[in-house]
Amino acid sequence: MNETGNTFDKTNGLTTPLDRTLHRSSWASITKAVDNLVAKEKLIQSNVSILESFLLKIAYKRSIHSTAVDDRFIPSLDDKRISFSEDISEMIMFPNVTYCGDDNYGVPRCENLAMSYKAQIALHEYVTTIASMYRDIPFHNFDHASHVTMSANKLLNRICTPYEDEDDTAARTFGISADPLAQFVAVFSSLVHDVDHRGVPNAQLVVERSMLAIQFDNRSVAEKRSITVAWNVLMRDRFRELQSLIIANADEMRRFKQLLVNTVLTTDISDKERSAIGKLRWQEAFHPSQSSLLDEESSNGRLNDTSLRSLKATLVFEQIMQVSDVAHTM
């Protein structure tokens, strides 16, 4: 016992109650940090598993259909650039070809259907990189992104799984159930839609005249930043293996970029102009008799069957993303 009346602990040298309290606190902090790392790795692995399941669907469809696959398609410098100035087209995102062939949403399990070890490593590294780029903020964090990804996965499963004795699921889903690339974009977009979010609303970024607001023309600032970050990481040379799994040729590259941009931008529900246009498009697609939007080039003033089907697929896709984004907050 020392002169202060406190017992000296020879094991760790803690001589005062404050020392012992701080010691316990440090171990508690370490334990909490470890628990957080374990929880984060579990979320990473969950996201990897979801993305992998849809990548296998892409591989399966290519294996049974005559998809034009460029030998080890390597994106050009132009391909690697993401643009927000290009007009988004439903016909590019959901072309008529996606409705052709068998509906193969339920991929059969077989020994030959598996990702290579290199591809699995690349996918895990990509998700881990994205997870590390999410900021430690109250809402737009990696936990939220993981919840959105899980919700999108469940919604796709509910929508695309054939009903009992159903003959044409693709027709009911406007082709989404027969389109594994689009399905992959839904979960991929969910994972990356808030990456590097600063926790500041777009309106405030615009008011403050931030560099991001200037860079992205004062509209959907945070969403465009997230798309840019996720895309630039994906286009790194180290992810060539992953790129080749997702994208087989130049046409798919263009589709993938447009789907990604449109799907993430639809999470900006504060964009009143976009919301208003969305409501008009919904009327045009599902309630044409009440719609004020008419295709002036069409002889009957309405969209043709192919364009209408692409529009419906796009709108359903947007709803999947919006619902997933807010589902776990309810």
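The values are calculated or read from the model by the stated rules, or taken from the named source; none is laboratory data. Just so you know, these numbers come straight off a predicted model, no measurement behind them. Quick reminder, even Gly has a Cβ in these numbers, built from the backbone with ideal geometry, and neighbours come from all protein chains shown. To get the accessible areas, we keep the full protein, side chains included, count just its heavy atoms, and leave off ligands, DNA and RNA. Shrake-Rupley method; radii C 1.70, N 1.55, O 1.52, S 1.80 Å.
Placing a pseudo-label 7 Å from each Cα along the Cα-to-Cβ vector at Asn249 and Gln204 gives an inter-label distance of 4.8 nm.
Largest accessible area first, the listed residues Arg254, Arg62 line up as Arg254, Arg62 when surface is computed with a 1.4 Å probe on the assembled protein chains.
For Glu208, Glu41, give me the order by solvent-accessible area with a 1.4 Å probe, most accessible first, ignoring ligands, DNA and RNA.
Working: Glu208 110, Glu41 80 Å².
Listed by decreasing accessible area, they come as Glu208, Glu41.
Extension gain for Arg219-Glu41 works out to 60.7 nm (0.36 nm per residue, less the C-alpha to C-alpha distance). Potential lengthening of the chain between Asp78 and His287 amounts to 71.3 nm, from the contour at 0.36 nm per residue minus the alpha-carbon distance.
Of Lys224, Lys42, Lys272, the order by accessible heavy-atom surface (1.4 Å probe, DNA, RNA and ligands excluded), from most exposed downward, is Lys272, Lys42, Lys224. Taking all protein chains as shown and a probe of 1.4 angstrom, His144 keeps an accessible surface of around 0 Å².
So for each of 196-202, 319-325 I average, over its residues, the number of other beta carbons within 10 Å; can you give me the resulting order with the highest mean first? Please report the intermediate quantities before stating the final value.
Details: 196-202: 16.4, 319-325: 20.3.
Top of the packing list down: 319-325, 196-202.
Note on Ile269: accessible area approximately 110 square angstrom, rounded to 10, probe 1.4 Å, nucleic acids and ligands left out.
Among the listed pairs Lys42/Lys154; Lys57/Lys279; Lys57/Lys118; Lys154/Lys279, give every one whose C-alpha distance is greater than 20 Å. Let's see the in-between values first.
On the way: Lys42/Lys154 18 Å; Lys57/Lys279 32 Å; Lys57/Lys118 18 Å; Lys154/Lys279 25 Å.
Over 20 Å apart, Cα to Cα: Lys57/Lys279; Lys154/Lys279.
For Lys224, the lysines whose Cα falls under 18 Å of its own Cα, not counting residues fewer than eight places away in the same chain, are Lys80, Lys257, Lys272. Solvent-accessible surface (1.4 Å probe) assigned to Trp282 amounts to roughly 90 Å².
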